[in-house]
Amino acid sequence: MKKNIYDYTLKELQEKLQPSFRAKQIYQWLYIRYENTFSKMINLPQSMRQDLENEYEIKNLNIIRTETSKDGSKKYLFKTKDGLSFESVLIKMRDKKLNSNGQIIESEKWTCCLSSQIGCKVGCAFCYTAKGGFVRNLSSGEIVEQVVQIKKDNSIAPEKRINIVYMGMGEPLNNMQNVTHAIEILSELDGLSISARRQTISTSGIAPKIIELGKLNLGVQLAISLHAVDDELRSKLIPMNKAYNIESVIQAVKNFPVDERKKIMFEYLVIKDINDNIQSAKKLLKLLDGIKAKVNLILFNPHEGSQFQRPDLNQVKKFADFLINKGLLCTIRESKGIDISAACGQLREKELSKIF
Ligand code: SAH
Ligand code: SF4
């Protein structure tokens, strides 16, 4: 089987190729020009193009379906070489900045929400991805290629800044090696140039792996899917909490290296009548005491067969106001793509039920 060309850092590719300076040229074709055919890399010798063609694959993923939301977010369903499918989302946000003349300049801000696994082992009660069980890890190349294909499909200029969040399908810390390697490839200055600081790993809270990630000191941002403030409820929502309870997650977070100007994000999925009361907000405030934290409240997105309900927006606002009044940074995640099967795993599920 051919190797995936997106699997390599620049240094790794330099070590593989003779002469090594060709690696930078290939990087430019792949990541700046989004080229997906070796024969079109015209500044490489003909024989090298042929050798590359024989040994490496550029197009390892196929876009089999997309859905565009009214708010501009676009969801992708990718198919792998071995016939499996998974999703990613491109999120478009308006960004306002003042220029040197004091005028407001509006620009678009792009975030790619990537998958790290096909399915997930963690099995959260509210999550659509969990329903299909675990299938396999995505390779580093498959993680990187999601970004390249999405940039190409939307004609996003190579110099345009984009952010990465590992909040699609899968638990990134259960695929630590491939995810951290992908972070390195994505941050290559001769390639996509997305620094680790603009990449956020979201985890359901595997405490020892948070510690391991912290020790690597990659400069990556961390988001913790907390969702509950007491162990009884959290264990019902995230069964793994029985092994790594709230206290162990908080301890791991306290030792995680955080950039001076950055904060650790705590994601809190708000579910109607389950965790949306002010009592929980009070407990949350206490739990996060002493941590440079920001809270992101996510409205539960119901899916077929789910036992939970979407919370009342006014209740979520009250929850947020309570935290903000106490000085905690708190945002309510805009329901990006709510009209396009927004919660992770939903587009894939739709496609599978169409097929079978
Ligand atoms: N496994 C990692 C990252 C992927 S899940 C984690 O759990 O953090 C990414 C996010 O999708 C999580 O914050 C999760 O809470 C959210 N999510 C899952 N199911 C959802 C649903 N039905 N509605 C809204 N958000 C959901
Ligand atoms: Fe896995 Fe995250 Fe879904 Fe939980 S919420 S099952 S950890 S993908």
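Observations on the model:
- Applying the criterion of being part of a loop (DSSP other than H, G, I, E, B) and crowded, with 17+ Cβ neighbours inside 10 Å to the residues of segment 124-146, the residue that is farthest from ligand 2 (Cβ to nearest atom) is Ser139.
- So Ile224, is it part of a strand (DSSP E or B) and under 22 Å from Cys120 (Cβ atoms): yes
- Residue within segment 271-281 that is within 16 Å of ligand 1 (Cβ to nearest atom) and loosely packed, with under 14 Cβ neighbours inside 10 Å present: yes
- Tallying residues that are away from ligand 1 (no atom under 12 Å from the Cβ) and under 24 Å from Val270 (Cα atoms) within segment 107-144 yields 4.
- The requirement of being of a type in the set (A, V, I, L, M, F, W, C), over 16 Å from the mean Cα position of the chain (by Cα) and surrounded by fewer than 18 Cβ atoms within 10 Å (Cβ to Cβ) is not satisfied by Ile206.
- Phe86 falls short of the stated requirement of being within 16 Å of ligand 1 (Cβ to nearest atom), in contact (Cβ under 8 Å) with a residue 24 or more places away in the chain, of a type outside the set (D, E, K, R) and over 30 Å from Met1 (Cβ atoms).
- Scanning segment 252-282 for residues that are in a loop (DSSP other than H, G, I, E, B), over 22 Å from Ile201 (Cβ atoms) and of a type in the set (D, E, K, R) returns Lys272, Asp273, Asp276.
- Tally, over segment 295-326, of residues that are in a strand (DSSP E or B) and in contact with a Cys (Cβ under 7 Å, 6 or more places away or on another chain): 2
- The residues listed here are Ile164, Ile156, Ile118, Ile183; of these, the one that is surrounded by 23 or more Cβ atoms within 10 Å (Cβ to Cβ) and not in a strand (DSSP E or B) is Ile183.
- Taking each residue of segment 104-130 that is under 27 Å from Leu233 (Cβ atoms) and looking for partners that are of a type in the set (Val, Ile, Thr) and more than 7 Å from ligand 2 (Cβ to nearest atom) with beta-carbon atoms closer than 7 Å, six or more apart or interchain, yields Cys113/Val89; Cys113/Ile91; Cys113/Val165; Ser116/Ile143; Ser116/Val179; Gly119/Val135; Phe126/Ile271.
- Top-ranked residue of segment 42-88 - restricted to ones that are touching a helix residue (DSSP H, G or I) at 6+ places or on another chain (Cβ under 9 Å) and β-branched (Val, Ile, Thr), ranked as nearest to Ile143 (Cα to Cα): Thr80
Readers should treat all values here as calculations from the given coordinates under stated rules, not as data from a laboratory. Because the structure is predicted, anything quoted here is derived from the model rather than measured. When we count neighbours, we look across all protein chains shown, and the Cβ atoms used for this are built from the backbone with ideal geometry, even at glycine.
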